[in-house]
Amino acid sequence: MKRDIQRYTANERSNHWAVALLFILSALSGMALFHPALFWLSHLFGGGPWTRILHPFIGVAMSVLFALMAWRFAGRNRIHPRDRQWLSRWRDVVAKRDDELPPVGKYNAGQKLLFWVLLASLAVLLLTGIVIWREYFSGAFAVGLIRFASLLHAFAAFVLVTSIIVHIYAAIWVKDSVGAMLHGKVSQAWARKHHSLWHDEEMRKKER
């Protein structure tokens, strides 16, 4: 264990899993309201009226917690020239030819792009959600704007759900990625293989 590297703190992991839980609740309640064929999901929340009441509050809570997480991780997710090079080698990424890829920091270019897509999607969901939140705000907006916001809200939700599916698949695809978010630490060998620049950075810290 002494040879392991801290990848995520307890606060970062708690923040991540809280957002994940709220995402599941938001997605299920949102799908229940999206189409009559999925309305049976509303039973998970106590029926249709309670689903309508709870969904926007869950969405706001998720957005706030994700904003806190984004504030923690934004610095590490800036796009650098080497990230464009990494993306250009996507065939090597898919084939798991890690030796052919440029060195990577704490997050690779794919993770960074996913981060910004999630951030943009949640921002759109929050803003459009406020416009269509009939209980408190809909009277402040024109009917045409509410209808457009409803469509945009559904599209952003589709992008968000699709992105989360990609996120889950990638976490399972790269062995021990899920363990890093569960336990907070990774082996030096894992860090050196998948995130060599970050590994070297952490090793220099230990030498000080």
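Is it fair to say Arg97 is modelled with pLDDT under 90 and open to solvent by 30 Å² or more (accessible area, probe 1.4 Å)? Considered against the rule, which asks whether it is modelled with pLDDT under 90 and open to solvent by 30 Å² or more (accessible area, probe 1.4 Å), Arg97 comes out as yes. In this structure, does Ile168 turn out to be exposed (fewer than 15 other Cβ atoms within 10 Å of the Cβ) and of a type outside the set (Lys, Arg)? Taking the combined requirement at face value, the residue satisfies it. Residues that are in contact with a helix residue (DSSP H, G or I) (Cβ under 7 Å, 6 or more places away or on another chain) and either exposed (fewer than 15 other Cβ atoms within 10 Å of the Cβ) or at pLDDT below 90 (or both) within segment 178-187 comprise just one, Val178.
Residue count for segment 11-51 satisfying the condition of being of a type outside the set (D, E, K, R), in contact (Cβ under 8 Å) with a residue 60 or more places away in the chain and open to solvent by less than 60 Å² (accessible area, probe 1.4 Å): 4.
Could you pull out the residue among Gly105, Gly110, Gly129 that is in contact with a Gly (Cβ under 7 Å, 6 or more places away or on another chain) and not β-branched (Val, Ile, Thr)?
From the options Gly105, Gly110, Gly129, the qualifying one is Gly129.
Taking the conditions exactly as written (without any contact (Cβ under 8 Å) to a residue 24 or more places away in the chain, more than 19 Å from the chain's Cα centre (by Cα) and either surrounded by 13 or more Cβ atoms within 10 Å (Cβ to Cβ) or part of a loop (DSSP other than H, G, I, E, B) (or both)), does Arg204 satisfy them or not? Considered against the rule, which asks whether it is without any contact (Cβ under 8 Å) to a residue 24 or more places away in the chain, more than 19 Å from the chain's Cα centre (by Cα) and either surrounded by 13 or more Cβ atoms within 10 Å (Cβ to Cβ) or part of a loop (DSSP other than H, G, I, E, B) (or both), Arg204 comes out as no.
Per the listing Leu151, Leu160, the residue uniquely aliphatic (A, V, I, L, M), at pLDDT 95 or above and surrounded by 14 or more Cβ atoms within 10 Å (Cβ to Cβ) is Leu160.
Conditions tested, residue by residue: (1) surrounded by 14 or more Cβ atoms within 10 Å (Cβ to Cβ); (2) out of contact with any helix residue (DSSP H, G or I) (no Cβ under 9 Å at 6 or more places or on another chain); (3) within 23 Å of Ile53 (Cβ to Cβ).
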site	(1), (2), (3)
Arg84	no, no, no
Gly105	yes, no, no
Leu118	yes, no, no
Gly129	yes, no, yes
Ala140	no, no, yes
Arg147	no, yes, yes
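The values are calculated or read from the model by the stated rules, or taken from the named source; none is laboratory data. These figures come from a predicted structure and were not determined experimentally. Glycine also receives a Cβ, built like all others from the backbone with ideal geometry; neighbour counts cover every protein chain displayed. These area figures cover heavy atoms from the full protein model, side chains too; ligands, DNA and RNA do not enter into them. Shrake-Rupley method; radii C 1.70, N 1.55, O 1.52, S 1.80 Å.
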